[in-house]
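Structure, as structure tokens:
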Ligand code: HEM
């Protein structure tokens, strides 16, 4: 496993376009990780180098002790990611991965309490009920076949599962994608998160030629899909702000509680160790959770959560299919914690060492 990070400013520069050309990026043949990897290998035993990427001068650092300082102790000074297209739509620019400086710190510290172990434990009922419905849908299809088998497209099935989890745990809705793969929620959700060739092309133009993108009034997001979710979010947030709805344990509810200052720690309610170690502090004391910020953080689940999660499950599914011995071992581990109704307990899942290894790909190394 390589260890490196990239921060702004330039030193000895490695020309990564030798390994990854602009045409490669345009056509989606290769990406930034390959360019970083080329520079990392090229500098050999040197501790750092400069690289130019997407119009930015960056430093690539190889020295573990410096990386640790930047990512933990001195993190407060290094919160920004690489700059991105500054004329992107507001809903996109206001998502956490795109925010910078004080605004990032303010929003991050405001939403972090919604991601504690205690809050995720509260959402477990939604993950379980979608999971149970998902398994039942496979059983039904298998029963409907004379031979008792069903062939499924794992990738499509995993997306359907992930969409229904997001709908339930974030928006407090039953999207019904497992029953009806063409549900509007699923279609619009996939349109928001899909990295089609056209989407890659637009991103490449926006990042490499921001002036051209501005002139062309290029929209990075699918505006129809965005409108669909903004309407749902506005209604959902209004209903929860007014208390005019049955209290749910979803992300919108947590955001509203955080905004009202009512988010309480519960039981074993822990933040990730990064949150404790990095000690991010915003100097500006203000209400960061505006309606726009709350909408954008809910949409992050499609941008940052849908394909990342469903692709991870798809790769794991494939790997388990070609390594039946690993599949058996994993099934035995999961069976031990599974309740008779097929549901799982949050703490039990966290204790599954072999599952963690499988998801990290360590079972095939
Ligand atoms: C296997 C699944 C996932 C992978 C591999 C993944 C990967 C990443 C990576 C590499 C980053 C950048 C970290 C950095 O710059 O330091 C990131 C940031 C982020 N991811 Fe994920 N992610 C996954 C799932 C999710 C899910 C399900 C969500 C749903 C909310 C999510 C939301 C975010 C957010 C909000 C950020 C920015 C955090 C911040 O700026 O404070 N990710 N993710």
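Where a number appears in this text, it was derived from the coordinates with a stated rule and is not lab data. This is a predicted model, so every value here is computed, not measured. For neighbour counting, all protein chains shown are included, and Cβ atoms are generated from backbone atoms with ideal geometry for every residue, glycine included.
Taking label positions 7 Å along the Cα-Cβ direction at both residue 12 and residue 308, the computed distance is 3.4 nm, reported to one decimal. By how many degrees, 0 to 90 and rounded to 10, does the Cα axis of helix 32-42 deviate from the longest principal axis of the chain? That helix lies at roughly 50 degrees to the long axis. Note on the chain: Kirkwood radius taken over Cα pairs, Stokes-Einstein applied at 25 °C and 0.890 mPa s, translational D equal to 107 µm² s⁻¹.
Ranked by the mean number of other Cβ atoms within 10 Å of their residues, highest first, the peptides 223-230, 71-78 come out as 223-230, 71-78. Output the 0 to 90 degree angle, nearest 10, between the alpha-carbon long axis of helix 101-111 and the longest principal axis computed from the alpha carbons of the chain. Roughly 10 degrees, rounded to the nearest 10. Between the helical axis of 324-337 and the longest alpha-carbon principal axis of the chain there is an angle of about 70 degrees. P(r) tail, the stretch 111-306: Cα-Cα pairs separated by more than 20 Å, 65% of all pairs. Take the Kirkwood radius over Cα pairs of the stretch 323-365, plug it into Stokes-Einstein at 10 °C and 1.306 mPa s, and you get 145 µm²/s for translational diffusion. Rounded to the nearest 0.05, what FRET efficiency is calculated for residue 135 and residue 81 with R0 set to 35 Å and r the Cβ-Cβ distance? Plugging the Cβ-Cβ distance into 1/(1 + (r/R0)^6) gives 0.40.
By the count of other C-beta atoms within 10 Å, a proxy for reagent exposure, 351, 112 are ordered fewest to most as 351, 112. Take the Cβ atoms of residue 338 and residue 22, set R0 to 45 Å, and the FRET efficiency comes out at 0.35.
Relative contact order of the stretch 111-306, taken over Cα pairs closer than 8 Å and 6 or more residues apart, is 32 percent. Here the chain carries DSSP beta bridges of which approximately 85% are antiparallel, counting only pairs with both residues inside.
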